[in-house]
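Q: My questions all concern the structure below.
The values are calculated or read from the model by the stated rules, or taken from the named source; none is laboratory data. The shown structure was predicted, so the numbers you read here are calculated from the model rather than taken from an experiment. So basically every Cβ, Gly included, is an ideal-geometry build from the backbone, and we count neighbours across all protein chains shown.
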Amino acid sequence: MAVKKVDSIDLINPGYKYISNPFADWKRYLNTNKAKLIASISFARNIAEHIGDDNNFNVLTSMLHWKNNSLQLRLRDIENSYKEIFKDMSALEIDDSDKLVFDLIFEVAEEIYAEQGEVGLNLENKVVLSIATRINAERYMIQRISNPTFVSEIRSNQTGKLFGKFKTDFPSEIEQIKILEKVNLMTPENIHLNSFMFEPILDLTEHHLKDLYASVNALIYTEELGSQYVAASGEEKPA
């Protein structure tokens, strides 16, 4: 596969199994590669949805969207959900289980953003950037819309419905709409990793996702909504 860099194009062999079933690779490194741990949430949520496990589906959804309980979820919640969803993970123990999920997501996203080059496919990096970008975009739209009743009634396609409401409420904010439209178009297909949505992420470079991640962060800072997100303690987490 071709990996486009700033001044070159590399041809790599990522391995058939990594492309055909990355979760099989990711779940072996849940404690040693935090990007793979975060990325695996999207797969686990899809499985929970397919088997009708509404409780774990809702918990994992709150790790991928800005929900009322998102800032209280910890790595132990991932561990508990995986033990219930996957028969081969009954003995799973995730390190630092008391850590907030959003703390980890944005720590890893910042590390990926700071990396200068792109090495290999790094599907997990792309998923992490997509998750962090969408969470920040939703936070931005929810705070700008400032309509708790509207937000509480959203049951599906949260990003899309928030975006539709934002366009209705702020039709003259053309630049903001352009950025949020990119979020609505680019990130969902990278996070819903099933057989129908998996292919686009292979062709998308980290560079595009890093640009979008930075653009959404800039919206938050410009509107003085604080830093990347606010932890459960109420303290703002630094960039």
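Q: When the residues of the range 133-183 are narrowed to those that are acidic (Asp, Glu) and touching a residue at least 24 places away in the same chain (Cβ under 8 Å), which ends up surrounded by the fewest Cβ atoms within 10 Å (Cβ to Cβ)? If you could, list the steps in order and put the result at the bottom.
A: Kept after step one, since they are acidic (Asp, Glu), are these residues of the range 133-183: 138, 153, 169, 173, 175, 181.
Retained after the next criterion (residues that are touching a residue at least 24 places away in the same chain (Cβ under 8 Å)): 138, 169.
Numbers: Glu138: 23, Asp169: 14.
Result: Asp169.
Q: With respect to the numbered conditions (1) touching a residue at least 24 places away in the same chain (Cβ under 8 Å); (2) not assigned by TED's automatic domain parsing to the domain that holds Ala39, which one is the sole condition not fulfilled by Ile85?
A: All conditions are met except number (2).
Q: Follow-up question, since we're still on this one. For the range 174-238, please list each of the helices (runs of 4 or more DSSP H) lying entirely inside it that holds at least 2 residues being over 18 Å from Leu129 (Cβ atoms), acidic (Asp, Glu) and modelled with pLDDT under 55. Full working, then the answer.
A: Numbers: elements: 174-186, 188-191, 199-203, 206-222.
In the range 174-238, no matching helices (runs of 4 or more DSSP H) lie anywhere.
Q: I've got another one for you. Looking only at the range 89-133, count how many residues are among the small types (Gly, Ala, Ser) and within 19 Å of Ser70 (Cα to Cα).
A: From the range 89-133, those among the small types (Gly, Ala, Ser) are 90-91, 97, 109, 114, 117, 120, 130, 132; that's our starting set.
Among the residues that remain, those that are also within 19 Å of Ser70 (Cα to Cα) are: 97, 109, 130, 132.
Summing the residues that are among the small types (Gly, Ala, Ser) and within 19 Å of Ser70 (Cα to Cα) in the range 89-133 gives 4.
Q: Checking the condition within 17 Å of Thr133 (Cβ to Cβ), touching a helix residue (DSSP H, G or I) at 6+ places or on another chain (Cβ under 9 Å) and hydrophobic (A, V, I, L, M, F, W, C), which residue from Val59, Val101 passes? Explain how you work it out, then say what you get.
A: Working: Val59 fails: within 17 Å of Thr133 (Cβ to Cβ).
Testing whether each residue is within 17 Å of Thr133 (Cβ to Cβ), touching a helix residue (DSSP H, G or I) at 6+ places or on another chain (Cβ under 9 Å) and hydrophobic (A, V, I, L, M, F, W, C) leaves just Val101.
Q: Please determine whether any residue of the range 18-34 is modelled with pLDDT under 90 and outside any helix (DSSP H, G or I).
A: yes
Q: Continuing with the same structure: Need a quick list: helices (runs of 4 or more DSSP H) entirely within the range 42-127 having at least 3 residues that are closer than 29 Å to Ile145 by Cβ and either touching a Ser or Thr at 6+ places or on another chain (Cβ under 9 Å) or at pLDDT 95 or above (or both). Give the steps one after another, and end with the answer.
A: Working: elements: 54-61, 75-85, 101-114.
Fully inside the range 42-127 and qualifying: 54-61, 101-114.
Q: Given (1) under 15 Å from the mean Cα position of the chain (by Cα); (2) closer than 26 Å to Leu121 by Cα, identify the lone condition not met by Asn31.
A: Every condition holds for Asn31 apart from (1).
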